[in-house]
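Heads up, the thing below is written out as structure tokens.
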Amino acid sequence: MEKHVWTVVSSSEVPATERFDWFADMVSREVVPTAISSECPARFQAEAAVLDLGDFCMSKLAYLPLQSRRTPALIRRSDPEQYQLALVTKGSMVLSQQGNDCCAGAGDLVMWDTSRPWTARSPARGGEGELVVLQLPRNIVPLRTRQIERLLARRLPGGHGIAAILASMMKSLVDNGDRCTPQELDRLGTITAELAAACLAHHLDIEGDLPAETRAQTLSRQIHTFIDHHLGDPELTPSVIAAHHNMSVRALHQLFHGSGESVQVRIRRRRLEQCRNDLARPELRTPVQEIAARWGFTSPAVFSRAFREACGLSPSEFRALKIKELGAGGKRR
């Protein structure tokens, strides 16, 4: 598959009698050599995609119920020496490796080691399964092998904390990877790998073992995510953010130093971006000041002044311009 592009391939493009073999071959070639079986190979359907992220790779697999085995013979034949961290986005997955067993459902993360045998299956009555798999070279993950072994074939809930940020990042790459340049994808791959390492370290309670730069970058992303989730709170201040993350206000400002914007500037910029998005939606007839209040602006005068400084137009002028542009576009069609 072409590098740096999400290339989605569906089994519907393959003759029915060849679909199962096509999928098994694709998984062995693009993810890891695996022995795959299905109770109904004649009716098998699947989709697959691969995204190159520089030193890393991400795969998306959607399939009907199946079983897979990574055997000692397959390991001897070919081993990419990777940890593979999967986000279950649909259905469920039962995995066994290194004496551990787990059942991961939609929203969960689960990891395996390509250098060790495993067995995996999706329940026959579970309907279609879907995974997003991040392939991490073992020599790049900044954690000891003995530490990571404790997480193999363990369900890692992805609904909160750093795991939720990682899951959101993986899904975002699936949805938007084809819109990025190769350079952007390389950088996004590094960011995702750092988030994965932070997530694993969190579950092992060994965050202190991570490199200082990785800890700082992970904390920064956690703070940015917290800010985005609380933009509508007019009481969102550096003090509130620092207290939530168990740090001093001074340390928070130091973390933002060198990023090009202060904490307050970040909050105001993200609020203005959300207001601009809402004002550009013709179906949203909410009054301007209600939109401003929704995103944390308590003073209409302060909001209007800040919006004009950022966009060169008042909020009402911006909304009218967007409606006019949409109308003109409709006439051209």
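Derivation of every value follows stated rules applied to the coordinates shown; laboratory data play no part. A quick note: this is a predicted structure, and the numbers were derived from the prediction, not measured. So basically every Cβ, Gly included, is an ideal-geometry build from the backbone, and we count neighbours across all protein chains shown.
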Can you tell which of 231, 102, 153 lies farthest toward the positive end of the dipole of the chain, using +1 and -1 charges on the Cβ of basic and acidic side chains (Lys, Arg; Asp, Glu)?
231
Determine which aspartates and glutamates satisfy two conditions relative to residue 90: a Cα distance under 16 Å, and not lying fewer than 8 residues away in the same chain.
47, 108, 128, 130, 175
What is the distance in Å between the Cα centres of region 257-330 and region 135-154?
44 Å
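How high is the relative contact order of the chain, in percent, with contacts defined as C-alpha pairs under 8 Å that are six or more residues apart?
Numbers: 535 pairs, mean separation 41.7, N = 333.
Here the relative contact order equals 13 percent.
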Tell me the label only: which of (i) 17.5; (ii) 18.7; (iii) 20.9 is mean projected area of the Cα convex hull in nm² as calculated from this structure?
(iii)
The base-10 log of I(q)/I(0) that the Debye equation returns for region 238-332 at q = 0.14, 0.17 Å⁻¹, one scatterer per C-alpha, is -0.62, -0.80
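For Cα pairs less than 8 Å apart in space and 6+ apart in sequence, what is the mean separation divided by the residue count of region 216-333, i.e. the relative contact order in percent?
Numbers: 81 pairs, mean separation 27.6, N = 118.
Across region 216-333, relative contact order equals 23 percent.
Between rounded, prolate and oblate, where does region 98-190 land on the alpha carbon gyration tensor, with a ≥ b ≥ c its root eigenvalues, rounded for a/c under 1.5, else prolate if a/b exceeds b/c?
Numbers: a/c = 1.84, a/b = 1.24, b/c = 1.49.
Taking the square roots of the gyration eigenvalues as a ≥ b ≥ c, region 98-190 is oblate.
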HN-Hα couplings for region 139-152 via Karplus (6.51, -1.76, 1.60; θ = phi - 60°), in whole Hz with x for Gly/Pro, come out as 6, 9, 5, x, 9, 6, 4, 5, 5, 5, 3, 5, 9, 5
Any residue on another chain or 5+ positions along whose placed amide H is under 5 Å from the amide H of residue 152 is listed here as none
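What longest region of the chain stays clear of GluC sites (Glu not before Pro) that DSSP places outside H, G, I, E and B and that have at most 12 other Cβ atoms within 10 Å? Intermediate results must be reported in sequence, preceding the final value.
Working: sites that count: 2, 39, 81, 235, 261, 283.
Between the exposed loop sites, the longest stretch runs 82-234.
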Under 15 Å from the Cα of residue 322, which aspartates and glutamates turn up, not counting those fewer than eight places away in the same chain?
273, 278, 283
Distance in Å, no decimals, from the C-alpha centre of region 219-249 to the one of region 57-108 is 36 Å
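Would you be so kind as to identify all helices of the chain, as entire DSSP H runs, whose Cα atoms reach 15 Å or more along the helix's own axis and whose mean Kyte-Doolittle hydropathy is at least 0.0? Could the numbers behind the result be given before it?
Working: long enough: 19-30 (16 Å, -0.64); 161-176 (23 Å, 1.07); 182-204 (33 Å, 0.29); 212-229 (26 Å, -0.73); 263-279 (24 Å, -1.26); 300-311 (16 Å, 0.23); 315-332 (26 Å, -0.71).
Taking the DSSP H segments of the chain (at least 15 Å long, mean hydropathy at least 0.0), we get 161-176, 182-204, 300-311.
Give, rounded to the nearest 20 debye, the magnitude of the charge dipole that the chain has about its Cα centre when Lys and Arg contribute +1 at Cβ and Asp and Glu contribute -1 at Cβ.
I would put it at about 740 debye.
Got the relative contact order for region 12-76 handy, in percent, Cα pairs under 8 Å and 6 or more residues apart?
Numbers: 79 pairs, mean separation 21.6, N = 65.
It comes to 33 percent, rounded to a whole number.
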